[in-house]
Amino acid sequence: MSNRITTDAVEILKDRVAQDPELAFYVEEERKRLMLADKIRQARQESGLSQKDVAKRIGTTQSAVARLESGNYERLSLSTLIKVTRALNCRINLEILPA
(Lines give C-alpha, C1' and ligand atoms only; values in the text may rest on other atoms or scores of the structure.)
Protein backbone atom coordinates (compact mmCIF):
# COMPACT_ATOMS: atom_id res chain seq x y z
CA MET A 1 0.00 0.00 0.00
CA SER A 2 1.28 3.48 -0.80
CA ASN A 3 2.03 6.10 1.85
CA ARG A 4 -0.86 8.29 0.79
CA ILE A 5 -4.09 8.09 2.76
CA THR A 6 -7.35 7.57 0.94
CA THR A 7 -10.96 7.07 1.89
CA ASP A 8 -11.87 5.87 -1.62
CA ALA A 9 -13.20 2.34 -1.09
CA VAL A 10 -12.30 1.25 -4.62
CA GLU A 11 -8.70 2.39 -4.19
CA ILE A 12 -8.45 0.66 -0.82
CA LEU A 13 -9.82 -2.57 -2.33
CA LYS A 14 -7.43 -2.37 -5.29
CA ASP A 15 -4.49 -1.98 -2.89
CA ARG A 16 -5.58 -4.94 -0.77
CA VAL A 17 -6.26 -7.14 -3.79
CA ALA A 18 -2.83 -6.30 -5.20
CA GLN A 19 -1.22 -7.45 -1.94
CA ASP A 20 -3.27 -10.60 -1.31
CA PRO A 21 -3.38 -13.33 -4.01
CA GLU A 22 -6.15 -15.23 -2.23
CA LEU A 23 -8.33 -12.13 -2.05
CA ALA A 24 -7.52 -11.41 -5.71
CA PHE A 25 -8.76 -14.91 -6.61
CA TYR A 26 -12.09 -14.41 -4.84
CA VAL A 27 -12.58 -10.93 -6.27
CA GLU A 28 -11.98 -12.28 -9.79
CA GLU A 29 -14.40 -15.18 -9.22
CA GLU A 30 -17.08 -12.75 -8.09
CA ARG A 31 -16.42 -10.51 -11.09
CA LYS A 32 -16.88 -13.48 -13.44
CA ARG A 33 -20.12 -14.51 -11.72
CA LEU A 34 -21.53 -10.99 -12.02
CA MET A 35 -20.48 -10.77 -15.67
CA LEU A 36 -22.25 -14.05 -16.43
CA ALA A 37 -25.41 -12.84 -14.68
CA ASP A 38 -25.30 -9.65 -16.72
CA LYS A 39 -24.85 -11.59 -19.96
CA ILE A 40 -27.90 -13.72 -19.13
CA ARG A 41 -29.95 -10.58 -18.44
CA GLN A 42 -28.77 -8.90 -21.64
CA ALA A 43 -29.54 -11.98 -23.75
CA ARG A 44 -33.02 -12.24 -22.24
CA GLN A 45 -33.75 -8.57 -22.90
CA GLU A 46 -32.43 -8.80 -26.46
CA SER A 47 -34.66 -11.82 -27.07
CA GLY A 48 -37.70 -9.82 -25.96
CA LEU A 49 -38.57 -12.32 -23.23
CA SER A 50 -39.62 -11.58 -19.67
CA GLN A 51 -38.13 -13.39 -16.69
CA LYS A 52 -41.45 -15.22 -16.42
CA ASP A 53 -41.19 -16.35 -20.07
CA VAL A 54 -37.70 -17.74 -19.51
CA ALA A 55 -38.79 -19.42 -16.29
CA LYS A 56 -41.63 -21.18 -18.07
CA ARG A 57 -39.29 -22.37 -20.83
CA ILE A 58 -36.79 -23.87 -18.39
CA GLY A 59 -39.25 -25.17 -15.80
CA THR A 60 -38.56 -22.86 -12.89
CA THR A 61 -39.93 -19.71 -11.29
CA GLN A 62 -39.55 -16.06 -12.24
CA SER A 63 -37.78 -15.44 -8.94
CA ALA A 64 -35.16 -18.09 -9.81
CA VAL A 65 -34.47 -16.33 -13.12
CA ALA A 66 -34.22 -13.02 -11.24
CA ARG A 67 -31.59 -14.58 -8.95
CA LEU A 68 -29.64 -15.85 -11.98
CA GLU A 69 -29.63 -12.34 -13.42
CA SER A 70 -28.67 -10.67 -10.15
CA GLY A 71 -25.53 -12.72 -9.61
CA ASN A 72 -26.83 -13.90 -6.23
CA TYR A 73 -27.25 -17.47 -7.47
CA GLU A 74 -24.08 -19.27 -6.41
CA ARG A 75 -25.14 -22.79 -7.39
CA LEU A 76 -25.53 -22.26 -11.14
CA SER A 77 -24.93 -25.60 -12.79
CA LEU A 78 -23.82 -26.16 -16.36
CA SER A 79 -27.10 -27.97 -17.08
CA THR A 80 -29.11 -24.94 -15.89
CA LEU A 81 -26.92 -22.62 -17.93
CA ILE A 82 -27.53 -24.79 -21.00
CA LYS A 83 -31.30 -24.67 -20.40
CA VAL A 84 -31.19 -20.89 -20.07
CA THR A 85 -29.13 -20.39 -23.21
CA ARG A 86 -31.40 -22.71 -25.19
CA ALA A 87 -34.45 -20.82 -23.96
CA LEU A 88 -32.79 -17.60 -25.13
CA ASN A 89 -31.70 -19.11 -28.46
CA CYS A 90 -28.05 -18.56 -27.54
CA ARG A 91 -25.01 -20.76 -27.21
CA ILE A 92 -22.26 -21.12 -24.62
CA ASN A 93 -18.57 -20.65 -25.29
CA LEU A 94 -16.44 -22.11 -22.48
CA GLU A 95 -12.69 -22.10 -22.07
CA ILE A 96 -10.43 -23.97 -19.70
CA LEU A 97 -7.27 -22.00 -19.13
CA PRO A 98 -4.13 -22.65 -17.11
CA ALA A 99 -4.08 -20.97 -13.71
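The values are calculated or read from the model by the stated rules, or taken from the named source; none is laboratory data. The structure presented is a predicted model; accordingly, all values stated were derived computationally and were not measured. Cβ placement follows ideal geometry from the backbone for every residue including glycine, while neighbour counts extend to all protein chains displayed.
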Exercise. Could you tell me whether any residue of the stretch 28-50 is of a type in the set (A, V, I, L, M) and over 14 Å from the mean Cα position of the chain (by Cα)?
Key: yes
Quiz item: Out of all the residues in the stretch 41-77, which are loosely packed, with under 15 Cβ neighbours inside 10 Å and under 19 Å from E30 (Cβ atoms)?
Solution: Q42, S70, N72, E74, R75, S77
Practice problem: With the condition kept exactly as written, say whether any residue in the stretch 39-56 is within 30 Å of L13 (Cα to Cα) and either touching a residue at least 60 places away in the same chain (Cβ under 8 Å) or not basic (K, R) (or both). | Solution: yes
Exercise. Scan the stretch 64-83 and report the pairs whose first residue is over 14 Å from K39 (Cα atoms) and in a helix (DSSP H, G or I) and whose second residue is at pLDDT below 95 and aromatic (F, W, Y), with Cβ atoms within less than 8 Å and a gap of 6+ or a chain change.
Key: A64/Y73
Quiz item: Based on what the data block shows, is L36 part of a helix (DSSP H, G or I) and surrounded by 11 or more Cβ atoms within 10 Å (Cβ to Cβ)?
Solution: yes
Quiz item: With respect to the numbered conditions (1) exposed (fewer than 13 other Cβ atoms within 10 Å of the Cβ); (2) in contact with a Lys or Arg (Cβ under 7 Å, 6 or more places away or on another chain), which one is the sole condition not fulfilled by I96?
Solution: (2)
Quiz item: Looking at the stretch 8-15, is at least one residue in contact with a Gly (Cβ under 7 Å, 6 or more places away or on another chain), surrounded by 11 or more Cβ atoms within 10 Å (Cβ to Cβ) and either without any contact (Cβ under 8 Å) to a residue 40 or more places away in the chain or part of a helix (DSSP H, G or I) (or both)?
Solution: no
Exercise. Scan the stretch 10-27 and give yes if some residue there is touching a Ser or Thr at 6+ places or on another chain (Cβ under 8 Å) and modelled with pLDDT of 95 or more, otherwise no.
Key: no
